[in-house]
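All remarks here apply to the structure that follows.
The values are calculated or read from the model by the stated rules, or taken from the named source; none is laboratory data. Since the structure is predicted, the reported quantities are computational estimates derived from the model, not experimental observations. Glycine gets a Cβ as well: all are built from the backbone with ideal geometry, and neighbour counts include every protein chain shown. Accessible surface areas use protein heavy atoms only, side chains included; no ligands, DNA or RNA. Shrake-Rupley method; radii C 1.70, N 1.55, O 1.52, S 1.80 Å.
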Amino acid sequence: MSNKTGGIPLVPYRERWEEGKLDYGVGVIGIGAIVSWAHLPTYEMTGLNIVAAADVDEKAREVAKKRWGIKKVFKDYRELLELEEVDLIDVAIPHRTDKNMEDRVQVTKDAADAGKHILMHKPLARTYQRAKEMVDIARQKGIKFAINQNSRWGPAHFATRNLIREGFIGKPQVVMIENISPGGWNSESMDEPTFRMLEWSIHHYDIMRWWLGKTPVRLYTTLNNHTNFTILKFDENIQASLAEITLLQGGANEHKYEFRVEGTEGVIKGRQGWHSFMKMPPDKLEVYSSHSPRQVEWLQVRLPANPIGLGGHLYGGSRYDISYPYAGFLGSMADLMQSIEQDREPICNGEDNLKTMQVMLAAYKSAKEGREVEISEIK
Ligand SMILES: NC(=O)c1ccc[n+]([C@@H]2O[C@H](COP(=O)([O-])OP(=O)(O)OC[C@H]3O[C@@H](n4cnc5c(N)ncnc54)[C@H](O)[C@@H]3O)[C@@H](O)[C@H]2O)c1
């Protein structure tokens, strides 16, 4: 159990990245929306060593050179892989078409042959076979293969995992996640994984697995063009629900992401704030624990976005800690770097992500076939 000061749980909201090696040479492949919006701003404010970029699109290459000052920019990513100073690649080629997926597999092969480690964007693939192909290549060549499931490093999410692991709420029994987002995400097909579940729900299936340290055994999902609900059974005692709702009415300010974890000895409830431009309040986390002092009920966990007393942030706090996307994207990258330095598996490694892929694909199968699906059916 972590120490508590004045009743306030002191659990880390992230790893102590600064104590590790963060100057590995990074090559970024695919300079599109998410890289411009989140990866490169985060890397810039953290001072990471971005040595090269590649994109098939000329405008994207211009952005890499002019906005981000990356000196070595290529049309063909294979030239980037030839650079000795590139230690690892950050791949943000989309997953959305068959051609994109062929490219991702080819990049994985070429990078593995060149001995470069890989941070691959989520969702790893649209099919289990494709995902496994890449994981197998990385394993055979002995490179680190991390999946950018950045949600794990959102401050409220990360601290929740530590509260659970350190026993604040006893044995978890129930997990509930509710994500209500404004329109614009309405694109879903029952026939194959397409948009909302692949782009979004996959984070929430992944975070449940990570918090609980288990993969569900079976699930039931209903899905239409704007909403999906999933009930997941992890074992006899642990059940979870995900409500993923695209608002039909109301404005952009209605965006809300909340979660709750009930255990045998306490409860955690929290919200994730994403980004200030989404006009969402910052991350928040509260815990009720039978281990707390008797007179105290809900305790607010200190997160960088809402430091309360006791000298402010746990590790000094930085701008990138404050918003989930920045903290999340630095988390994925810093963890890959530290997995190289410490020669361990990345927290979100390919083998682990195959299980998250199974959950997401089981949810599609369940929605399509109108029945409960065993996760083991996805191979
Ligand atoms: N973790 C998250 O929160 C999060 C958020 C948004 C997007 N994503 C993921 O990031 C990925 C990229 O999404 P996006 O919205 O930035 O896509 P995008 O279409 O805006 O950008 C993709 C870029 O990749 C380039 N590209 C495509 N094929 C290439 C190739 N073979 N070689 C080099 N460059 C190539 C394109 O020209 C484009 O510039 C998606 O898989 C998406 O799911 C993750």
Among the residues of region 228-246 satisfying the criterion of being outside any strand (DSSP E or B) and within 23 Å of the chain's Cα centre (by Cα), which is nearest to GLY167 (Cα to Cα)? ILE238
Out of all the residues in region 188-197, is one or more under 14 Å from ARG96 (Cβ atoms), outside any helix (DSSP H, G or I) and either of a type in the set (D, E, K, R) or modelled with pLDDT of 95 or more (or both)? yes
What is the residue count in region 330-379 for residues that are farther than 20 Å from PHE234 by Cα and either basic (Lys, Arg) or assigned by TED's automatic domain parsing to the domain that holds TRP211 (or both)? 2
Determine whether region 85-103 contains at least one residue that is more than 14 Å from the ligand (Cβ to nearest atom), aliphatic (A, V, I, L, M) and open to solvent by 40 Å² or more (accessible area, probe 1.4 Å). no
I need the full set of residues from region 85-107 which are over 20 Å from the mean Cα position of the chain (by Cα) and touching a residue at least 24 places away in the same chain (Cβ under 8 Å), in order please. GLU85, VAL86, ASP87, VAL105, VAL107
Index of the failed condition, LYS71 passing every other in (1) more than 14 Å from the ligand (Cβ to nearest atom); (2) touching a residue at least 24 places away in the same chain (Cβ under 8 Å): (2)
Considering region 25-68 alone, what residues qualify as being within 11 Å of the ligand (Cβ to nearest atom) and β-branched (Val, Ile, Thr)? VAL28, ILE29, ILE31, ILE34, VAL35, VAL56, VAL63
Before we move on, is GLU297 assigned to a strand (DSSP E or B) and either touching a strand residue (DSSP E or B) at 6+ places or on another chain (Cβ under 7 Å) or at pLDDT below 85 (or both)? no
Take the conditions closer than 24 Å to THR230 by Cα, modelled with pLDDT of 95 or more and assigned to a helix (DSSP H, G or I) and apply them to LYS368. Does it pass? no
In region 109-160, residues that are among the small types (Gly, Ala, Ser), touching a Leu at 6+ places or on another chain (Cβ under 6 Å) and away from the ligand (no atom under 16 Å from the Cβ) total 1
Tally of residues being open to solvent by 10 Å² or more (accessible area, probe 1.4 Å), of a type outside the set (Lys, Arg) and not in a helix (DSSP H, G or I) across region 152-182: 10
Of all helices (runs of 4 or more DSSP H) completely enclosed by region 1-108, which ones contain at least 3 residues that are of a type in the set (D, E, K, R)? 58-62
Condition first: among the hydrophobic types (A, V, I, L, M, F, W, C), modelled with pLDDT of 95 or more and surrounded by fewer than 22 Cβ atoms within 10 Å (Cβ to Cβ). Can you find one or more residues in region 335-347 that meet it? yes
Residues being closer than 19 Å to GLU374 by Cβ and open to solvent by less than 10 Å² (accessible area, probe 1.4 Å) - total across region 207-219: 3
